[in-house]
1. Filter the range 9-20 for residues that are of a type in the set (G, A, S) and modelled with pLDDT of 95 or more; which is farthest from the chain's Cα centre (by Cα)?
2. For the range 6-44, what are the residues that are in a helix (DSSP H, G or I), of a type in the set (D, E, K, R) and within 22 Å of L69 (Cβ to Cβ)?
3. Can you find a residue in the range 45-54 that is surrounded by 11 or more Cβ atoms within 10 Å (Cβ to Cβ), assigned to a helix (DSSP H, G or I) and not charged (D, E, K, R)?
4. Tell me the residue from G66, G77 that is at positive phi and either among the acidic types (D, E) or at pLDDT 95 or above (or both), please.
5. Within the range 21-36, how many residues turn out to be under 31 Å from the mean Cα position of the chain (by Cα) and surrounded by 15 or more Cβ atoms within 10 Å (Cβ to Cβ)?
6. Any idea which of R100, R113, R107 is assigned to a helix (DSSP H, G or I) and loosely packed, with under 10 Cβ neighbours inside 10 Å?
7. How many of the residues making up the range 55-69 are outside any loop (DSSP other than H, G, I, E, B) and surrounded by 10 or more Cβ atoms within 10 Å (Cβ to Cβ)?
8. Read through the list (1) at pLDDT 95 or above; (2) exposed (fewer than 11 other Cβ atoms within 10 Å of the Cβ); (3) in a loop (DSSP other than H, G, I, E, B), then give the number of the only condition that E3 fails.
Amino acid sequence: MGEPDPSTGVYGISVAAELTGLTVRSLRLYERHGLLNPARTAGGTRRFSQDDLRRARRVADLMADGVNLAGIGKILGLEQDTDDLRGENTALQADITALRTDNRALRVDQASRTARPRHPPADFDTTRRSPRSPAGGHRDQPSRPG
């Protein structure tokens with residue numbers, strides 16, 4: 001069995017504290033201020049994921065730089081927005097590339113169609129008259145007696 005998904009809560013709070021080098025009290029404080037949101041078991045026990053641990057370390061680094069908890073919340077929100085926008089930008093760039101490729105192919109196809117002379121099919125006889133056409137060429141003229 002491999003590593004769990006980075007977003008899956010697997011660590012209790014004491015293990016999370018040990019892995020991050022923070023105190024249990026700090027982790028609870030960060031959660032109370034909305035900076036962490038660990039999963040909960042049916043019994044209410046916190047389960048921290050690798051993503052939670054990474055975020056807790058980021059919070060601790062920002063606090064060490066002198067940023068207060070409200071400022072950290074804003075910074076983390078902006079960082080998340082930036083990551084989301086980067087992902088959307090990457091997807092849009094891929095869409096643009098695909099559309100440009102399709103556009104080029106359509107232009108080549110259109111150019112090849114307009115460059116070809118249009119000829120009737122080989123089995124099409126242009127000299128044959130319709131069986132409904134009168135010999136004189138005018139259908140609407142009444143026939144006159146002799």
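1. Within the range 9-20, the first condition is being of a type in the set (G, A, S), and the residues that meet it are 9, 12, 14, 16-17.
Right, trim to modelled with pLDDT of 95 or more and you get 12, 14, 16-17.
Working: G12: 34, S14: 38, A16: 33, A17: 36 Å.
It comes out as S14.
2. Within the range 6-44, the first condition is being in a helix (DSSP H, G or I), and the residues that meet it are 13-20, 24-32.
Restricting the remaining residues to those that are of a type in the set (D, E, K, R) gives 18, 25, 28, 31-32.
Those that are in a helix (DSSP H, G or I), of a type in the set (D, E, K, R) and within 22 Å of L69 (Cβ to Cβ): R25, R28, E31, R32.
3. Just the residues of the range 45-54 that are surrounded by 11 or more Cβ atoms within 10 Å (Cβ to Cβ), to begin with: 45-54.
When the remaining residues are screened for being assigned to a helix (DSSP H, G or I), the result is 50-54.
From what is left, the residues that are not charged (D, E, K, R) are 50, 53.
Scanning the range 45-54, I find at least one residue that is surrounded by 11 or more Cβ atoms within 10 Å (Cβ to Cβ), assigned to a helix (DSSP H, G or I) and not charged (D, E, K, R), so the answer is yes.
4. Working: G77 fails: at positive phi.
Answer to the selection: G66.
5. Step one: of the range 21-36, the residues under 31 Å from the mean Cα position of the chain (by Cα) are 31, 34-36.
Okay, now just the ones that are also surrounded by 15 or more Cβ atoms within 10 Å (Cβ to Cβ), so 31, 35-36.
Counting residues in the range 21-36 that are under 31 Å from the mean Cα position of the chain (by Cα) and surrounded by 15 or more Cβ atoms within 10 Å (Cβ to Cβ) gives 3.
6. On the way: R100 fails: loosely packed, with under 10 Cβ neighbours inside 10 Å; R107 fails: loosely packed, with under 10 Cβ neighbours inside 10 Å.
Matching residue, one of R100, R113, R107: R113.
7. Taking the range 55-69 first, the residues outside any loop (DSSP other than H, G, I, E, B) are 55-64, 69.
Subsequent filtering for residues that are surrounded by 10 or more Cβ atoms within 10 Å (Cβ to Cβ) retains 55-63, 69.
Residues meeting the conditions: 10.
8. Going through the list (1) at pLDDT 95 or above; (2) exposed (fewer than 11 other Cβ atoms within 10 Å of the Cβ); (3) in a loop (DSSP other than H, G, I, E, B), E3 breaks only (1).
The values are calculated or read from the model by the stated rules, or taken from the named source; none is laboratory data. Because the structure is predicted, anything quoted here is derived from the model rather than measured. Reconstructed Cβ throughout: ideal geometry from the backbone, glycine too, with neighbour counts over all protein chains shown.
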